[in-house]
Amino acid sequence: MGANIVVGGFWGDEGKGLISAWQAYQHHALGVFRGCGGTNPEHGLFIEGNYIKTNQLPLGFIFEECLIGLGPGTAVNVEKFLSEVKQFRLSPEKVRVDPKCPIITPENVREEIGDANMNAIGSTKSGTGIAMSHAALRIAPLAEDMDALQPYLDDVPALANRLAQQGTISIESTQGTFLSRYYGEYPNVTSVDVTAPSVMAGVGINWRSVDDVIVCVKALPTREGTGPMGDVEEYSVEEMQALGIVEYSSIFDPQTGQRQIRRKAKGIDYTLLKRIITLNGANKIALTFVEHYDPEVRDVVRWADLTPKVKKLVDEIETLTGVEVSLVNTGKEWSSVVSKHDSLPPITGPLVSRLKSYILD
């Protein structure tokens, strides 16, 4: 019983949603919650080459079909919320929104789209930052003010704590630790803190109920927009193209209209990783995108089949941080995840069928 928290290391895009989904599935979570940010993160997974994503809801529910909760620390875009509720065929009993969630208005979105500073820092311009600033000024509308959200309203902190006493719940953060407004390289940050303590507060979970804090770490960390990437060398676009490890952003270049290419580090800055672990209180690491580090490991699903190169990286991380690497993501497909203890539940036909049913035409 208790809560497992999944947070992002470095600068985001580490597969938090995928890892959260596996955590929920592995532990038969009674609920998956979000407690910070708004609609800016994109949590997604691939099934047979098709991409399934959420912007407003946590993605972790997708395997387990458990209850979903948005804590009072989460800003809500009503239109996107209702769109995702429809896509995943969720009833009001299945999705609960705290009455104190601030609302992202269309005006908030337009204001960020027209702000040159938002382009400079690689913002998704979702309106979340403006909504959060209005909440701080006590002028934001709240979920309790919105007619369309009335069927979904609930005391989410009370709900999360009750479920954590009955079984396991998962809590999903939104962005990488160093995009936190508290700990990132200001102004190249998001509008809120995204580390485990703030996520807990944003859901309202009692800290005594937390079992594990899992930090997701890319084998080769990436970053959107400007800002430093630690004391490591960075790949050029040409090098990434030659190696076949280019990643395209969810952010479009305002001049070309094309998706931007994510910057990519050639390794992990362990000084920064240790700080990430300290700030989040992480006791487990999920190592992701390892197929970019070693293509030979692509789509491996057994720990014993990890390549010597990847096993050496795992040993190095564990030795230098003192934290166990418990999960390894080996490929693009949602099923390409390996557990160190071989304790992942089997992939069933009904699960695959349900996931396929969520694919948009």
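Among all residue pairs at least 6 apart or on different chains, which show Cβ distances below 7 Å where the first residue, located in segment 224-252, is in contact (Cβ under 8 Å) with a residue 40 or more places away in the chain and closer than 17 Å to Asp294 by Cβ and the second is in a strand (DSSP E or B) and polar (S, T, N, Q)?
Glu247/Thr222
Could you list, in sequence order, all residues of segment 93-112 that are buried (at least 21 other Cβ atoms within 10 Å of the Cβ) and out of contact with any strand residue (DSSP E or B) (no Cβ under 9 Å at 6 or more places or on another chain)?
Asn108, Glu112
Does segment 264-273 contain at least one residue that is surrounded by 19 or more Cβ atoms within 10 Å (Cβ to Cβ) and part of a loop (DSSP other than H, G, I, E, B)?
Checking segment 264-273: at least one residue is surrounded by 19 or more Cβ atoms within 10 Å (Cβ to Cβ) and part of a loop (DSSP other than H, G, I, E, B).
Which numbered condition in (1) of a type outside the set (Ser, Thr, Tyr); (2) outside any loop (DSSP other than H, G, I, E, B); (3) out of contact with any Asp or Glu (no Cβ under 6 Å at 6 or more places or on another chain); (4) modelled with pLDDT of 95 or more is the only one that Gln175 fails?
(4)
Mind checking which residues of segment 178-194 are closer than 14 Å to Trp11 by Cβ, under 14 Å from the mean Cα position of the chain (by Cα) and in a loop (DSSP other than H, G, I, E, B)?
Scanning segment 178-194 gives Ser180, Thr190, Val194.
Any residue at all in segment 10-21 that's polar (S, T, N, Q), in a loop (DSSP other than H, G, I, E, B) and in contact (Cβ under 8 Å) with a residue 60 or more places away in the chain?
No, the conditions are met nowhere in segment 10-21.
Go through segment 274-311 and report how many residues are hydrophobic (A, V, I, L, M, F, W, C), within 20 Å of the chain's Cα centre (by Cα) and not in a loop (DSSP other than H, G, I, E, B).
7
Can we say Asp315 is surrounded by fewer than 20 Cβ atoms within 10 Å (Cβ to Cβ) and either polar (S, T, N, Q) or touching a residue at least 24 places away in the same chain (Cβ under 8 Å) (or both)?
Judged against the criteria, Asp315 is not a match.
Filter segment 47-79 for residues that are out of contact with any helix residue (DSSP H, G or I) (no Cβ under 9 Å at 6 or more places or on another chain) and not small (Gly, Ala, Ser) and give the result.
Tyr51
Would it be correct to say that Val32 is farther than 28 Å from Arg263 by Cβ, β-branched (Val, Ile, Thr) and not in a strand (DSSP E or B)?
no
If Asn161 satisfies all but one of (1) at pLDDT 95 or above; (2) under 16 Å from the mean Cα position of the chain (by Cα); (3) surrounded by fewer than 24 Cβ atoms within 10 Å (Cβ to Cβ); (4) not small (Gly, Ala, Ser), what's the number of the condition it fails?
The failed condition is (2).
The values are calculated or read from the model by the stated rules, or taken from the named source; none is laboratory data. Predicted model, so just to flag it, every value in this text is computed and none were measured. Virtual Cβ from ideal backbone geometry, glycine too; neighbours counted across all protein chains shown.
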